[in-house]
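Take a look at the structure below.
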Amino acid sequence: IHGSRSRLGHRSSPGRSAVARVAVSGARGPLRPFAAMDRVNDTLDAMGDAIKQVEAAHNPTDLASSLLMNMTILCIGWFVWRLMRCFKMDVRPDKGYNSRPPQMSAQAENYIAFLEECRNLFLTHTVMAAVAAFANRGIAPMTVGLLGGIINNAVGLDSRGLSILCLDTTIRGIASLFFVEKLRRRIQIPSITGKDMNLIKRTLWLSGLPKYDRETGEVFKFQLADFERVGKDLSEALEEDLNKTILGNAQKKHIKVTVTPVVDDWHAASVALWTAKEHMDAVAAELNKYHSGCLGKLRVWHYKRRLKEYSGMVPKLDFALRRIEKKERGFAGSAFVTFEKSSDRDHFLKKRPKCWECRRYAYFTFGRPPFASVTLACTRAPHPEDVNWLNLHIPAGKQAFRGFILIIGLFIIMVTLVTPVTITSQIKLVAKSAPTLQRRIRGFGEIFHTHLVLGQSVQFWYTVTCQLPALLLVLINSLILPDCICRISDAIRFHQHSSGEITQMHLNYIFLVLNSLFIPMLGLTSIEGLIQWGEQNVSVERPTKVVAQIARKLMQSSGVFALRYILNCACVSNTNAMLQVCQLINKCCARRHARTAREFVEAEANFTFAWGYWYAWTMSIFTIGIVMSTFVPSVLPCALLFFSIQHHVDQYNLNHRVYDHGPVSENYFITRALHYMRCIVCLWWFLVGGSFLVIMREGLAEQWHSFMSIRIAWGMCITFLACSIWLVLWSWGGLTS
């Protein structure tokens, strides 16, 4: 092996790098087995040298240009927004300054309270982390690289620094849980009118009614009388079960049962007929107007042709609708039962499922087993506006299969899109360690400078390439990702609109964290840990030592990409939310193409606020700010800036009805946001505690010289792990209950 190394070194010039030596050796033909092993070792050495040069060339002060660019965009956007308000070009329903904005809904109040508490949380964290950073190595880690110096606390971590980080993580974790509890106490219950609330409290939703014969697979087809018979049988079974708990004579219960049919084809035909009639009336109204000139005659000819088409279409659609109403209909498998008292409904919900059963419904069994016994799922009836009546016949297994296939496809697409973006964020550093790539980039820079006059030097193009990837990631996460997830939710066809919104919240949060945290963290910054693993003899190393090396390298990630991403989210996305460019363009196009009265009304309607996406968007920034705060405390002031701007922008938009608040929900989003916040704190404690345990076990414990005893440090790390597991289980139990 040493001989082959000397031969490889002899073939290369003294000034060449290890990469060049490997390239020359690979061109000489097949090597002997030991020489091939030596070639692998030289390749690992070359990659290690390259990555070390990359890390050495990293300069956190490049964040100053990113901060300046984002603040400039925000200031320009605010100035344009003020001009739009002065000229009344915004999308507010109340254009006047003296008009009082309407009262916000309870779910809007809860969302604003969530943003406010997150802002206060990160303000408290910033102050605490600044004190800890000053006690450890100065104020440089908190300055977002503006004052130079190292912005990562894990670089050169010693026993004293680890002790300070343990104390800082403990205190800030307790403060985070305090703000979560404070937010829970501020939650407001949605206000529903007394009549609707009374009706909802007395209504039970039964699902799981048989829709086909299990042996033959034949779908049940019913007439109107058959639906009434099924409702009567179900009412008798419910009344019999209620009378079992009553001592003495059985009492007559007033129970109203509504069995839901499949209404897909009826709804499609009804909407088509309604639309055709509206367009026919609109064309007739236009035809009655006076039209002069050649262009007027051409319009009259066009309107007469359209009126003739609609006149022949309306009778056909009306006949198809009547035929659908007369024929037998399928069974949707759901029924809504309205009792006389709310206590009668609660009787069927008293057997609550356990948290580990992963279901949110109770069971009701009636009939005489084993020949005729049916078990139904019982849940509280939601608000009628929340029920998607067209999807009640879709079985849960079919929904799960569709969701699984589509989510796997979305995962492949996101990894394919985001991975090149995150890698290109390191192009400046890779260029400094790869002379050939640097010469190519310099050539492109000279071409742009000479012919296009867009820059002053190669350094300018380095700066552009560093800012562009974070902007591209914001574009992917704010435009491509939510649209794909919205289409997935529509394709799954949930039974409730709120279920679709909650699924969108979960999926958006998972993919936002994946795109903005895990994929960049597992990019170039983790390669050196794998190279160190390969440079050493893995066969004789303990696995814990390899894990410690990789964990130390991951902790020493500069976090510059995450800082740029948060700054872009704070300034660029909120600037777009202020200006409402997409909503203005949509309104202009809708007004231009509107023909009927309904289309004119819909053209003036504002977008519905996407509660699921915006909760996921803010929770992803909350995750980055909390998880990375121990080692890269500069994320705390960036997250504070994000939540401060987001709070003001969203509060204005929701308060002035720039967005429609949508149907009434039963605090589905804020309760899950509370659960997510607790889980994020648990994840933070688990990662920090596990990383510190591995580092102390693999070398740092032998060199322990700190104001804190090593036993206390061990105890704190183990407490992090235990408390994180217990808190996740406790929060999950509270959410399911």
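The values are calculated or read from the model by the stated rules, or taken from the named source; none is laboratory data. The structure displayed is predicted, hence computed values, not measured ones. Every residue, glycine among them, receives a Cβ derived from its backbone with ideal geometry; neighbour counts consider all protein chains shown. Remember, those area values only see protein heavy atoms, side chains included, never the ligands or the DNA or RNA. Shrake-Rupley method; radii C 1.70, N 1.55, O 1.52, S 1.80 Å.
Observations, loosely collected:
- In the range 688-701, the residues that are closer than 14 Å to residue 166 by Cα form Cβ pairs under 6 Å with partners that are surrounded by fewer than 20 Cβ atoms within 10 Å (Cβ to Cβ) and modelled with pLDDT of 80 or more, at six or more places apart or across chains, as follows: 689/721.
- Selection from the range 260-271 of residues that are open to solvent by less than 40 Å² (accessible area, probe 1.4 Å) and either part of a helix (DSSP H, G or I) or touching an Asp or Glu at 6+ places or on another chain (Cβ under 8 Å) (or both): 269, 270
- Elements of type helices (runs of 4 or more DSSP H) in the range 488-575, at least 2 residues being of a type outside the set (Val, Ile, Thr) and at pLDDT 90 or above: 497-513, 560-568
- Checking 376, 349, 390 one by one, the residue that is of a type outside the set (Phe, Trp, Tyr), assigned to a loop (DSSP other than H, G, I, E, B) and within 27 Å of residue 258 (Cα to Cα) is 349 and no other.
- Identity of the residue in the range 50-68, crowded, with 18+ Cβ neighbours inside 10 Å and modelled with pLDDT of 70 or more, that ends up nearest to residue 655 (Cα to Cα): 67
- Condition check for residue 107: under 28 Å from residue 661 (Cβ atoms), at pLDDT below 90, part of a helix (DSSP H, G or I) and within 32 Å of the chain's Cα centre (by Cα): yes
- Within the range 602-616, residues that are polar (S, T, N, Q) sit with their Cβ atoms under 8 Å from residues that are open to solvent by 40 Å² or more (accessible area, probe 1.4 Å), at 6+ positions apart or across chains, in these pairs: 606/93; 606/657; 606/660; 608/660.
- Looking only at the range 683-711, and only at residues there that are buried (at least 16 other Cβ atoms within 10 Å of the Cβ) and of a type in the set (Phe, Trp, Tyr), the one that is farthest from residue 725 (Cα to Cα): 704
- The combined condition, being out of contact with any His (no Cβ under 9 Å at 6 or more places or on another chain), more than 30 Å from residue 163 (Cβ to Cβ) and open to solvent by 50 Å² or more (accessible area, probe 1.4 Å), is fulfilled by residue 660.
- Residue within the range 291-303 that is polar (S, T, N, Q) and either under 28 Å from residue 381 (Cα atoms) or modelled with pLDDT of 85 or more (or both) present: no
- Scanning the range 205-224 for residues that are over 27 Å from residue 345 (Cα atoms) and part of a loop (DSSP other than H, G, I, E, B) yields 213, 214, 215, 216, 217, 218, 220, 223.
- Test for residue 644: is it under 26 Å from residue 125 (Cα atoms), out of contact with any strand residue (DSSP E or B) (no Cβ under 7 Å at 6 or more places or on another chain), open to solvent by 10 Å² or more (accessible area, probe 1.4 Å) and among the polar types (S, T, N, Q): yes
- A single member of 176, 159 is open to solvent by less than 20 Å² (accessible area, probe 1.4 Å), modelled with pLDDT under 90 and among the hydroxyl-bearing types (Ser, Thr, Tyr), and it is 159.
- Checking the range 287-308 against the condition returns no match, with no residue being within 44 Å of the chain's Cα centre (by Cα) and in a helix (DSSP H, G or I).
- Test: residue in the range 117-137 that is in contact (Cβ under 8 Å) with a residue 12 or more places away in the chain, in contact with a His (Cβ under 7 Å, 6 or more places away or on another chain), under 17 Å from residue 634 (Cα atoms) and open to solvent by 20 Å² or more (accessible area, probe 1.4 Å): yes
- Pairing residues of the range 386-407 that are open to solvent by 70 Å² or more (accessible area, probe 1.4 Å) with residues that are part of a helix (DSSP H, G or I) and of a type outside the set (A, V, I, L, M, F, W, C), at Cβ distances under 9 Å and at least 6 apart in sequence or on separate chains, gives 389/267.
- Residues located in the range 590-612, provided they are open to solvent by 50 Å² or more (accessible area, probe 1.4 Å), under 20 Å from residue 306 (Cβ atoms) and among the aliphatic types (A, V, I, L, M): 597
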